Every structure is written in structure tokens, then in C-alpha cells.
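J.: Got a structure for you, written out below as C-alpha cells; questions coming shortly.
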Amino acid sequence: LRAWNSLDWALYSHLNRTFWKKVEKFGAERLQKEVWRLRQRRKTLEKLCLKGGGPLPPKNITDGGFKPFQPPGRAQIWGYALKEGLEPPQKFLCARLATPELQYKDLLDKKQFGG
């Protein structure tokens, strides 16, 4: 098993060492403060943007642009629904933050390649 995963392990080990060197250079306490600020900003945006304030089961997401892909099987991938009545700039920001990965990839493709 180790031989099979040796390249994965080497990559993980390298990235882990690199990460902790960067944390040391940046400062662990400073990083903790940045993480706290990021979490606070996320809570603020959840309250502003999201119907229900967090993830919802796919049956509760009426806008198809926000329904995440549902792979075959029993697992459900939850997603997000935007609050109604958002001003256009807020709606644009919130939509970008709540768009599932496949739909977001399509947006990036359009931006990069046109169409």
C-alpha cells in the first residue's frame, strides 16, 4: 500500500512541510486571527445571502442554477438557495458564492473561452 501511494505521500509530505513553514513565517497567532475574520465574514454573508441561513437539501432548492449535481446512489449533495429581494450587486455577489462547482466551472469556461 505504501509503494502504491508513495507519490501521493511524497506530495502530501512536501505540501505539509511547505504549509507549516509558511505558517511559521506568517505567524500562527496572526493566522488564527485571519481565520477568525474569515469565519465572521462567512457568517455575515450567510445571513445576507442564504435562504435558511445555510445548506439545504436539493428538494428545497427551486432555482436549477443552484442545484448541485446529484451522483447516483443514496448520498444527497446539499446546496444553497438565495434569499429573495436582494439588490442586484448583492445578488451577484451572493450568486457567485452559492453557485455549485459544476455551474461555477461553466461560468469560468465562458469567461475564459467566451460563448
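The values are calculated or read from the model by the stated rules, or taken from the named source; none is laboratory data. Quick caveat, the model's predicted, so the values are computed rather than measured. When we count neighbours, we look across all protein chains shown, and the Cβ atoms used for this are built from the backbone with ideal geometry, even at glycine. Quick note on the areas: whole protein, heavy atoms, side chains included, nothing else; ligands and nucleic acids left out. Shrake-Rupley method; radii C 1.70, N 1.55, O 1.52, S 1.80 Å.
J.: Among the residues of region 62-72, are any among the polar types (S, T, N, Q), in contact (Cβ under 8 Å) with a residue 12 or more places away in the chain and surrounded by 12 or more Cβ atoms within 10 Å (Cβ to Cβ)?
T.: Within region 62-72 (the criterion being among the polar types (S, T, N, Q), in contact (Cβ under 8 Å) with a residue 12 or more places away in the chain and surrounded by 12 or more Cβ atoms within 10 Å (Cβ to Cβ)), the answer is no, since none of the residues qualifies.
J.: Next up: Which residues, taken from region 73-87, are open to solvent by 80 Å² or more (accessible area, probe 1.4 Å) and of a type outside the set (Lys, Arg)?
T.: If the condition is that a residue be open to solvent by 80 Å² or more (accessible area, probe 1.4 Å) and of a type outside the set (Lys, Arg), then GLN76, TRP78, GLU84, GLU87 are the ones that fit.
J.: A follow-up question, please. Can GLN90 be described as surrounded by 13 or more Cβ atoms within 10 Å (Cβ to Cβ) and either more than 30 Å from ARG2 (Cβ to Cβ) or of a type outside the set (A, V, I, L, M) (or both)?
T.: For GLN90, the condition - surrounded by 13 or more Cβ atoms within 10 Å (Cβ to Cβ) and either more than 30 Å from ARG2 (Cβ to Cβ) or of a type outside the set (A, V, I, L, M) (or both) - is met.
J.: Starting from region 1-23, take each residue that is among the hydrophobic types (A, V, I, L, M, F, W, C) and list its partners that are in a helix (DSSP H, G or I) and open to solvent by less than 100 Å² (accessible area, probe 1.4 Å), counting only C-beta distances under 6 angstrom and pairs at least six apart or across chains.
T.: Partner pairs satisfying both residue conditions: VAL23/LEU31.
J.: Just a yes or no: is a residue in region 35-57 in contact with a Phe, Trp or Tyr (Cβ under 7 Å, 6 or more places away or on another chain), over 20 Å from PHE92 (Cβ atoms) and open to solvent by 60 Å² or more (accessible area, probe 1.4 Å)?
T.: Yes, there is a match, as at least one residue in region 35-57 is in contact with a Phe, Trp or Tyr (Cβ under 7 Å, 6 or more places away or on another chain), over 20 Å from PHE92 (Cβ atoms) and open to solvent by 60 Å² or more (accessible area, probe 1.4 Å).
J.: Sticking with this one: Name the residues in region 94-115 that are of a type in the set (A, V, I, L, M) and open to solvent by 70 Å² or more (accessible area, probe 1.4 Å), would you?
T.: Correct list: LEU97, LEU102, LEU108.
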